[in-house]
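Participant: Here it is, the structure, as structure tokens.
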Ligand SMILES: Cc1cc2nc3c(=O)[nH]c(=O)nc-3n(C[C@H](O)[C@H](O)[C@H](O)COP(=O)(O)O)c2cc1C
């Protein structure tokens, strides 16, 4: 599967077979995450891989957006100390979030390329997550990526067309799509 094909066919998967994601697959997904772009190459992201069903269930209970029976999840965190020290105010307030989002998309695409599925989740209790996962005070959970073997291939949700969201040279100057 090439990159464009992976981007086009990736979907948020919320229904899984129950089969476990192997440690080798998780390692490949983590490797894709660490290779993502990062502002000033700070790489202040930290990844908590959850494979323990008891811990995963606790996380699910405190995450309203966590739908489905994923067998694993990765909580993507940012180290505020690292971002503050190496990126100043911008690093602490902005770069950390952008970096984590970049890592998450790499993870989702890697999972998809491996025949797995997953979904990014922002709807969770950060307080509960910090407690359950013993996340230190200076580390912020940003996003959760659920992972599993897809039970079904979700339909493409409505997506805006290129010409709905893109302009040429100046804001508001319509981009005429070639139909890619
Ligand atoms: C920042 C962000 C937060 C999201 N939070 C949730 C969530 O809490 N629960 C959920 O089921 N999906 C969540 N999603 C997934 C979106 O609903 C999904 O990406 C969107 O509907 C488009 O579908 P697609 O990923 O299949 O293209 C989130 C996506 C993003 C980018």
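Participant: Could you grab the pairs with beta carbons closer than 8 Å, sequence gap of 6+ or different chains, first residue in the stretch 107-127 and without any contact (Cβ under 8 Å) to a residue 24 or more places away in the chain, second one more than 8 Å from the ligand (Cβ to nearest atom)?
Facilitator: Partner pairs satisfying both residue conditions: 126/140; 126/141.
Participant: I'd like to know if the stretch 138-147 contains one or more residues that are out of contact with any strand residue (DSSP E or B) (no Cβ under 6 Å at 6 or more places or on another chain) and either over 28 Å from residue 17 (Cβ atoms) or surrounded by fewer than 21 Cβ atoms within 10 Å (Cβ to Cβ) (or both).
Facilitator: yes
Participant: Within the stretch 10-25, can you find the residues that are outside any loop (DSSP other than H, G, I, E, B) and more than 19 Å from residue 121 (Cα to Cα)?
Facilitator: Answer for the stretch 10-25, where residues must be outside any loop (DSSP other than H, G, I, E, B) and more than 19 Å from residue 121 (Cα to Cα): 23, 24, 25.
Participant: May I pose another question? For the stretch 143-180, enumerate the residues that are without any contact (Cβ under 8 Å) to a residue 12 or more places away in the chain and not in a loop (DSSP other than H, G, I, E, B).
Facilitator: 164, 165, 167, 174 - these are the residues of the stretch 143-180 that are without any contact (Cβ under 8 Å) to a residue 12 or more places away in the chain and not in a loop (DSSP other than H, G, I, E, B).
Participant: Which of the helices (runs of 4 or more DSSP H) contained wholly in the stretch 57-142 include at least 3 residues that are within 13 Å of the chain's Cα centre (by Cα)?
Facilitator: 96-113
Participant: Report every pair of residues separated by at least 6 positions or lying on different chains whose Cβ atoms are under 7 Å apart, first residue within the stretch 10-30 and within 10 Å of residue 116 (Cβ to Cβ) and in contact (Cβ under 8 Å) with a residue 60 or more places away in the chain, second within 16 Å of the ligand (Cβ to nearest atom) and assigned to a loop (DSSP other than H, G, I, E, B).
Facilitator: Qualifying pairs under 7 Å: 13/154; 16/68; 16/69; 16/70; 16/151; 21/116; 25/116.
Participant: So, one more: When you scan the stretch 129-180, how many residues do you find that are within 16 Å of the ligand (Cβ to nearest atom) and either in contact with a helix residue (DSSP H, G or I) (Cβ under 8 Å, 6 or more places away or on another chain) or closer than 17 Å to residue 78 by Cβ (or both)? Write out each step before concluding.
Facilitator: Keep residues of the stretch 129-180 that are within 16 Å of the ligand (Cβ to nearest atom), which gives 129, 140-148, 150-162, 164-165.
If we keep only those that are either in contact with a helix residue (DSSP H, G or I) (Cβ under 8 Å, 6 or more places away or on another chain) or closer than 17 Å to residue 78 by Cβ (or both) as well, we get 129, 140-145, 147.
Total satisfying the criteria: 8.
Participant: Same structure, new question: The conditions are (1) under 29 Å from residue 153 (Cβ atoms); (2) within 14 Å of the ligand (Cβ to nearest atom); (3) in contact (Cβ under 8 Å) with a residue 12 or more places away in the chain, and residue 99 fails exactly one of them. Which is it?
Facilitator: (1)
Participant: Still on this model: What is the residue count in the stretch 77-92 for residues that are touching a residue at least 60 places away in the same chain (Cβ under 8 Å) and either more than 11 Å from residue 46 (Cα to Cα) or surrounded by fewer than 19 Cβ atoms within 10 Å (Cβ to Cβ) (or both)?
Facilitator: The qualifying residues number 1.
No value in this document is a laboratory result; all are computed from the given coordinates. Bear in mind that the values here come from a model prediction, so they are computed numbers and not experimental data. Methodologically, a virtual Cβ is constructed for each residue, glycine included, from the backbone with ideal geometry; neighbour enumeration extends over all protein chains shown.
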